[in-house]
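Scroll down for the structure; my scribbles are underneath it.
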């Protein structure tokens, strides 16, 4: 009898214990791998999403651009935010493992070329850029990239008509080092994502030390006029080195899908518009006439 009473007590206690809330599109916790240069804007988006939905938490895992999808494949994160198309080898690997992903474009990014203010170069064509990147010896212009920015190199290869193996730029350990090199070397030309500039400017002291010592080069494609990477030129594609920012996640993950819906919503698109990125689509505006 006492054994039966003990069993009933345990059952009652178990039933009274709060159970973990079921994850929904607006509640729960997820981790999102982000290409390192997207960390700032992704953090703003995650914070805004959690303010709107207090029961939802989004943790970011920033890393080199070649590792974001690797973290998703290994199950370390629920979703990924990347600049540029996934490589064919990445798509093939996911297919082989029967891991079907949803891929949604949410914003637009671009590669920018920066040079020292004393550098005589005033503009470059994509053809000239490809020639500079494939030179085997140091010439009048020294192209610099971040060593671990695999996805940017892939985009440069596609837009300049080169193969990845033909690109031989000089490597820097970080965007900060790249900007510092351009700021002191009149021959250097730095290539980095537009979304990297704001983060790279700000040093540990919070001061912008390199700003004003370099300028952004306009880029031309074919016989078209050279264009600067303004937000409008990035949005309409008139700047030649534009790429899409993709959000990837597994179907069936409710909160990952919910965060993706936020990024594509008017609120998410307005946040991209306020950043160094361009939104993926035009943001609706309401004009109230009095």
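The values are calculated or read from the model by the stated rules, or taken from the named source; none is laboratory data. Since the model is a prediction, treat every value here as computed from it, not as a measurement. As a convention, Cβ positions derive from the backbone with ideal geometry for all residues, glycine included, and neighbour counts pool all protein chains shown.
I'm told residue 233 meets every condition in (1) assigned to a helix (DSSP H, G or I); (2) assigned by TED's automatic domain parsing to the domain that holds residue 57 except one. Can you identify the failing condition by its number?
The failed condition is (2).
Can you tell me how many residues within region 134-187 are free of Cβ contacts under 8 Å to residues at least 40 places away in the same chain, in contact with a strand residue (DSSP E or B) (Cβ under 7 Å, 6 or more places away or on another chain) and either within 24 Å of residue 117 (Cα to Cα) or assigned to a loop (DSSP other than H, G, I, E, B) (or both)?
8
Kindly indicate which of 140, 146, 151, 158 is farther than 21 Å from residue 35 by Cα and not assigned by TED's automatic domain parsing to the domain that holds residue 38.
Being farther than 21 Å from residue 35 by Cα and not assigned by TED's automatic domain parsing to the domain that holds residue 38 holds for just one of 140, 146, 151, 158, which is 140.
Answer yes or no: is there a residue in region 168-191 that is at pLDDT 85 or above and under 30 Å from residue 266 (Cα atoms).
Within region 168-191, none of the residues are at pLDDT 85 or above and under 30 Å from residue 266 (Cα atoms).
Identify all residues within region 126-135 that are out of contact with any helix residue (DSSP H, G or I) (no Cβ under 6 Å at 6 or more places or on another chain) and within 19 Å of residue 194 (Cβ to Cβ); write none if there are none.
Within region 126-135, 133 is the sole residue that qualifies.
So which of 124, 93, 73 is without any contact (Cβ under 8 Å) to a residue 24 or more places away in the chain and either under 19 Å from residue 246 (Cα atoms) or buried (at least 20 other Cβ atoms within 10 Å of the Cβ) (or both)?
Just a single option satisfies the conditions, and that option is 93.
Of the residues 251, 226, which single one is at pLDDT 95 or above and touching a strand residue (DSSP E or B) at 6+ places or on another chain (Cβ under 6 Å)?
Answer to the selection: 226.
Go through region 104-122 and give me each residue that's out of contact with any helix residue (DSSP H, G or I) (no Cβ under 8 Å at 6 or more places or on another chain) and under 21 Å from residue 158 (Cβ atoms).
Matches in region 104-122: 105 only.
If you check every pair at least six apart or on different chains, which have Cβ atoms under 7 Å apart with a residue in region 251-270 that is under 14 Å from residue 30 (Cα atoms) and in the same structural domain as residue 48 (by TED's automatic domain parsing) first and a residue that is in a helix (DSSP H, G or I) and modelled with pLDDT under 95 second?
Within 7 Å, no pair qualifies.
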